[in-house]
Each structure stands twice: as structure tokens, then as C-alpha cells.
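**Q** Supplied in C-alpha cells, the structure appears directly below.
Just so it is clear, none of the values below were taken in a lab; they were calculated from the coordinates. Since we're looking at a predicted model, the values are computed, not measured. All Cβ positions, even for glycine, are placed from backbone atoms using ideal geometry, and neighbour counts span all protein chains on display.
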Amino acid sequence: MSLEVIKNIDDYEAPEKEVVVTIGTFDGVHRGHQEILRRLMDSAKANNFEAIAITFEPHPRVLVTPDDPPPLLSTWEEKVRLFADYMDGKLMVLNFNKALMDLTAEDFIKNYLIKKLNLKKLVVGYDHAFGKNRSGTINDLLGLSKIYSFDLEVVNPILVDGRPISSSRIRRLITGHDLPLAIKMFQHPYPISGEVIKGIGLGKKLGYPTANIDFHERKLLPADGVYSCQAEHDNKTYSGMMFIGNNHFDPNREKSVEVNIFDFDNDIYGDALICYPETFVRENIKFDSTDKLVEQITKDKENILKLNK
């Protein structure tokens, strides 16, 4: 796959080829999103179109519902990495600001998709709506497709247990101790990424050094506790165990994401690390002493090694 990221649509010159476009937030790039991207790519290949996916940063609901924006299933960097696995073409990011929020679907199509991108076909999900007051529903887009002479393809939902996959449904699973089903809906591991920063150093003293991840403040974390995980550093993947929650031995008691990478002792402070939680092992427990903590961590590792066999 070859993905080109375009950060400023105003500097982009319309291609000579006609274009097939999809638009969406694509938070988490789950199986429903992947099906839309697959149909986008199929259309591009069949018709010799340029394939363009348009997404937004920040998440539109940061402005639309500022009192209740959803936590992120994918940060911008995570989203780009995921798109690169599923799409050949261009990923165009639009700064979601008040001017864009107030634009009607018709004005967006006319000013961006027709004038700037040479739109020939639009591919959207079954429940898609965009533009001011969600003026770009499927029915609205059908009418606009006739006015502006582009084809419209509507992609049906992907069902799991008889219900459509959605980002909101996945969020509920992740926070509700059902990470395996969430991962099934993603069809890819769930990334938690960031720079490795210094913690209180307790893990190293106890013989289980941990890498503390400076995760995005709006990233959705699984329920507190200990998980088996995979950790990716410098394009290499390692097994490990992961703690999410408030460290009871930390006087600051801020929520942390800490990873003990098995058979790994490199100094990686300041490096990028991606952690993929897998199986929930136990709740976060308050221990009376560090000796009791070490005893439990040793059991956790033994249990995780059995899971990995």
C-alpha cells in the first residue's frame, strides 16, 4: 500500500484523473471503515480513478458537542498508520473549525469536492451525514449527486452479533471489559502509543522495569488493570504485560500506562512506543507492601506466559 497524506487542501491541485472520494471521521478504522475503504479502492481500480479519503482533525464533536466529545479510538498518528494498511491513494485531513462546521453539505461538495478535487464518485457508509445540522444525509446526497453529476455508492453496515459495528459500540466494549470483542470489530490490534517518559522508577527497583507511555489525553483506555500485551519499538514487536490505572505507590496518583517488556532491557526513554493490550488478567489491586506487589507481578507474568503458549 502507498498512502500520501495531504494536510492542506487549499494547496492541492485537482488531479487530471477523475476522483472517487470517501469522507468520515474514521475513528479507530474498524471493519466498517475498512469495508468503505475497500469499496473506494475497488472503484478506483475499476474506473482508473484517483482514490481520496477525507477526514477531520480534531474530531468534529470537539466543536459540535464540546461538553461531551468522545474519547479517541485512534489519535491522528495512529489513524495514519492504520490507513496505510488499508488504502492506496491520498488521505486528506481538514482542520475542523467553526467555518467548516457551519458549511452546508452542498457548499462542501461544491467548493471542495467538485471545484478542488474533480469528484466523479462518492462512497459513504449507510448512516453517513455531514455538513451543518447534518444536512448531508444519504437522501440529501442522492439529490446532490444528480445536481452535481457524481455517482453515489452507499456501503451497508458490517454486522457482529446481528448489530452494526460502530465506533460508539466499540468504545462501550473497551471500557466494559470486552476488549476481545472490540478487537474482533477492529480486525486489528488496539494501539496505545506515545513517548516513553520517566515514572517513579519503582518497577526497576522491584525487578520489573516498566516503560511509561505518555498517551494522548483524549485516548480511550481499557478498564483499569493488568493485561497481556504486545509492544512495538523501532519496528520490532515484543511480548509483555501492561498496567493501566493509578499506581498506589505513586504519591501523585495520576493514571498511567506502564509496560513491562519481556526479555528487553534497552534504554528507550524519549522513544516512541506502541502498546497493544490483549487479554485482561486482573483488576488493579492495592497492596500492603512492595513484597506483596512483586509476588503478584510474578504470578501475572507466569499467567501471561501461559496465555502466550
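**Q** Could you work out the helix-only [θ] at 222 nm for the chain, with each DSSP H run of four or more residues adding -39,500 (n - 2.57) and the total divided by the number of residues, to the nearest 500 deg cm²/dmol?
**A** That comes out to -8000 deg cm²/dmol.
**Q** Determine by what factor the alpha-carbon radius of gyration of segment 109-239 differs from 2.2 N^0.38 Å, reporting the quotient.
**A** 1.54
**Q** Calculate how large, on average over all directions, the projected area of the Cα convex hull of the chain is; give the answer in nm² to one decimal.
**A** 17.8 nm²
**Q** Cut-off 20 Å, label point 7 angstrom out along Cα-to-Cβ of Leu181: give me the residues of segment 272-289 whose amide nitrogen falls inside.
**A** 277-283
**Q** Say we join alpha carbon atoms closer than 10 Å with springs in a Gaussian network model of the chain; which of Ser145, Ser74, Ser166 then has the biggest fluctuation?
**A** Result for the chain, Cα springs under 10 Å: Ser145 fluctuates most.
**Q** Then there is this: Hey, could you pull the Cα Rg and Dmax for segment 130-171, both in Å?
**A** 13.8, 39
**Q** In segment 1-158, what is the volume of the convex hull around the alpha carbon atoms, normalised per residue and reported in Å³?
**A** Considering the Cα atoms of segment 1-158, their hull volume per residue is 107 Å³.
**Q** Also: Evaluate the charge dipole of segment 3-167 about its Cα centre and quote only its size in Debye, nearest 20, assuming +1 on the Cβ of each Lys and Arg and -1 on the Cβ of each Asp and Glu.
**A** About 260 debye.
**Q** Still on this structure: If each residue of separation counts as 0.36 nm, what is the full-extension length gain between Ala14 and Leu202 once their alpha-carbon separation is subtracted?
**A** Difference between extended and current length: 62.1 nm.
**Q** While we're here: Average the reciprocal distances over every distinct pair of alpha-carbons in segment 175-233, invert the result, and give the Kirkwood radius in Å.
**A** Kirkwood radius, segment 175-233: 13.4 Å.
**Q** Pick from His188, His233, His177: which is most flexible by mean-square fluctuation in a GNM of the chain where alpha carbon atoms under 10 Å apart are linked?
**A** Comparing His188, His233, His177 in a Gaussian network model of the chain, the most mobile one is His233.
**Q** Cα convex hull of segment 187-309: how many Å³ per residue?
**A** Cα convex hull per residue, to the nearest whole number: 110 Å³.
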